[in-house]
Amino acid sequence: MTLPLHDLSTLAVPVRFPAHSLEEVVATLIQEEAQGNLAPLSIVHDEVDLARFEKETNFLSKYPYLVVLGTGGSSLGAKSLYELTKPNFLPATQQLFFVENVDPVTLEGLLKDLPPQETGYLAISKSGTTAETMAQFLCVLKHLRSTVGASSIRERCLVITQPTDSPLKRLATRLALKTLDHPTAIGGRFSVFSCVGLVPALLIGVDVKEVRAGARAALSRFIQEKEASAVAQSAAAFAAYSTTGYNAHVTMPYCDKLTTFTLWWRQLWAESLGKQGLGTLPVPAIGTTDQHSQLQLFLEGPKDKFYTLLFTNAATKGPDFSAEDLDADSSLSYLEGRTIGDLIDAEQRATLQCLRNKKLPVRVLSFDALTPFVMGALMIEAMLETILAAKLMKIDPFSQDAVEEGKILTRTYLNEMA
């Protein structure tokens, strides 16, 4: 299997951190991972938990509809992996739905449209106190009692939460629901390689062994190359930009199946680095779609953004065009002898050159095709870059204290309602 290639040739850095700082940060991270003190990374070496996940969650595989109740890191990792096998248009034999919000219209529609006899549920919350997930699950439980009966709840619900006292843990215990332990040392946005990300993917047919294999290979490459690695150099560049007036990091894949990946990355980047007045706004974009919406701003707006483009080897792939149609209009001659894949290949290279012509900082990640192996590599490299950038900026990548205020106020406002 081939790992993604990194082109940093135009990721010019205005101010670099001292070389020794990068060396020290990289060396410390490698040492911590080797000692098992960085659970989000070291979990990819686990060789026994996948068989246990498969055995303990097999009871859900009979349901044609599976619903994941969770938000943020409890959802986006698995949702990104689901894109690997999700059909583009027609319904799959088994469908996976992610309920990430508490919009009443959405939840009412889900409970109304999905046949309760054919639907299984996964409720995921590390803390077991997440208000949105608890509310979703309580609504589902009430619905199941009135449709399939209380005695059937156990056979169609799975809970993933850490093994500590919490409302979700107590609820699962009271109802005798099957429960998997969310690793206590892994935060939600870093949990994609644990049961949080891999169990929903496993149930829907993603090759999660290959996901882990890609992550291990990319981690190994980083450890071997140390501070000279593309991951470390990119992290140093991003940290430098983040502290010298750049306000946004744009990630733009030319691959529809990476759309949710950009949302997963957005949370990873924002929650890990947005602290102490530091951080840059993560901006998801999709090529070629956003060439017709955001690219104008990227090229002629404020020069306060740096860019990551992700390219697949799309040339010669996909449908081609009828000579009859092309011959009828000479203005379409540029498509003669080409495929739809040739078009996206030309457009991704054109966007890169336009950014370079404007002397904007951009790096490119490229790979032949998006496979589970490649996805695993992309995800762990994003995690490594985020952790390294945070360490260089002297902030904790694993905390998110600021969001607690909103949680407290939410409960206050609920209690004040008439």
Exercise for review: For Phe222, state whether it is in the same structural domain as Gly341 (by TED's automatic domain parsing) and within 26 Å of Ser74 (Cβ to Cβ).
Suggested key: no
Point to revise | Selection from region 84-115 of residues that are crowded, with 19+ Cβ neighbours inside 10 Å and among the acidic types (Asp, Glu) | key: Glu100
Review point. Quick one: which of Ser152, Ser125 is of a type in the set (Gly, Ala, Ser), over 19 Å from the mean Cα position of the chain (by Cα) and farther than 17 Å from Leu202 by Cβ?
Key: Ser152
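Taking into account only those residues within region 215-232 that are aliphatic (A, V, I, L, M) and surrounded by fewer than 20 Cβ atoms within 10 Å (Cβ to Cβ), which is nearest to Leu22 (Cα to Cα)? Let's see the steps before the verdict.
Keep residues of region 215-232 that are aliphatic (A, V, I, L, M), which gives 215, 217-219, 223, 228, 230-232.
When the remaining residues are screened for being surrounded by fewer than 20 Cβ atoms within 10 Å (Cβ to Cβ), the result is 217, 223, 228.
Numbers: Ala217: 22, Ile223: 14, Ala228: 10 Å.
Filtering first and then ranking leaves Ala228.
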Practice item. For region 385-404, indicate whether the set of residues that are in contact (Cβ under 8 Å) with a residue 40 or more places away in the chain, assigned by TED's automatic domain parsing to the domain that holds Thr243 and under 27 Å from Gly341 (Cα atoms) is non-empty. Key: no
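Looking at Leu281, Leu219, which is the one that is aliphatic (A, V, I, L, M) and touching a helix residue (DSSP H, G or I) at 6+ places or on another chain (Cβ under 6 Å)? Reasoning before the result, please.
Working: Leu281 fails: touching a helix residue (DSSP H, G or I) at 6+ places or on another chain (Cβ under 6 Å).
Residue meeting the stated conditions: Leu219.
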Practice item. Report whether or not Glu271 is among the charged types (D, E, K, R), modelled with pLDDT of 95 or more, buried (at least 21 other Cβ atoms within 10 Å of the Cβ) and out of contact with any strand residue (DSSP E or B) (no Cβ under 7 Å at 6 or more places or on another chain). Key: yes
**Study point:** Where a residue in region 306-329 is not assigned by TED's automatic domain parsing to the domain that holds Asn88 and its partner, wherever it lies, is among the acidic types (Asp, Glu) and not in a helix (DSSP H, G or I), with Cβ under 8 Å and at least six apart
**Key:** Thr312/Asp368; Asn313/Asp368; Phe321/Glu336; Ala323/Glu336; Leu326/Glu336
Review point. Restricting attention to region 179-205, and to residues there that are crowded, with 24+ Cβ neighbours inside 10 Å and of a type in the set (Gly, Ala, Ser), which single residue is farthest from Gly73 (Cα to Cα)?
Key: Ala201
Study note, to complete from the structure: Checking Val140, Val102 in turn, the sole residue that is at pLDDT 95 or above, among the β-branched types (Val, Ile, Thr) and part of a loop (DSSP other than H, G, I, E, B) turns out to be Val102
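When you scan region 1-76 for helices (runs of 4 or more DSSP H) that lie fully inside it, which ones turn up with 3 or more residues that are of a type in the set (Asp, Glu) and more than 30 Å from Lys358 (Cβ to Cβ)?
On the way: elements: 19-34, 39-42, 49-57.
Of the helices (runs of 4 or more DSSP H) lying wholly inside region 1-76, those with at least 3 residues that are of a type in the set (Asp, Glu) and more than 30 Å from Lys358 (Cβ to Cβ) span 19-34, 49-57.
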Exercise for review: Quick one: which residue in Ala51, Ala78, Ala27, Ala39 is without any contact (Cβ under 8 Å) to a residue 40 or more places away in the chain and either in the same structural domain as Ile160 (by TED's automatic domain parsing) or under 25 Å from Leu378 (Cβ atoms) (or both)?
Suggested key: Ala51
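Check whether at least one residue in region 343-364 is among the β-branched types (Val, Ile, Thr) and either more than 22 Å from Thr316 (Cβ to Cβ) or not assigned by TED's automatic domain parsing to the domain that holds Gly274 (or both), and report yes or no. Walk me through it before giving the result.
Kept after step one, since they are among the β-branched types (Val, Ile, Thr), are these residues of region 343-364: 344, 351, 362, 364.
So of that shortlist, the ones also either more than 22 Å from Thr316 (Cβ to Cβ) or not assigned by TED's automatic domain parsing to the domain that holds Gly274 (or both) come out as 362.
Yes: one or more hits.
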Review point. For region 349-379, which residues satisfy the criterion of being touching a Pro at 6+ places or on another chain (Cβ under 9 Å), farther than 17 Å from Gly287 by Cα and among the small types (Gly, Ala, Ser)?
Key: Ala377
Practice item. Please note which helices (runs of 4 or more DSSP H) are completely contained in region 306-418 and include at least 2 residues that are surrounded by 11 or more Cβ atoms within 10 Å (Cβ to Cβ), in contact with a helix residue (DSSP H, G or I) (Cβ under 6 Å, 6 or more places away or on another chain) and of a type in the set (S, T, N, Q). Key: none
Check your understanding: Can you find a residue in region 145-162 that is at pLDDT 95 or above and under 23 Å from Glu405 (Cα atoms)?
Key -> yes
Check your understanding: So Ser127 clears everything in (1) of a type in the set (S, T, N, Q); (2) part of a helix (DSSP H, G or I); (3) within 23 Å of Thr412 (Cβ to Cβ) except one condition, right? Which one?
Key -> (2)
Check your understanding: Across region 1-24, what is the total count of residues that are modelled with pLDDT under 75, surrounded by 13 or more Cβ atoms within 10 Å (Cβ to Cβ) and more than 13 Å from Ala235 (Cα to Cα)?
Key -> 0
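The values are calculated or read from the model by the stated rules, or taken from the named source; none is laboratory data. On a predicted model such as this, the values are computed, not experimentally measured, just so you know. Note that each Cβ is placed from the backbone with ideal geometry, even for glycine, and that neighbours are counted across all protein chains shown.
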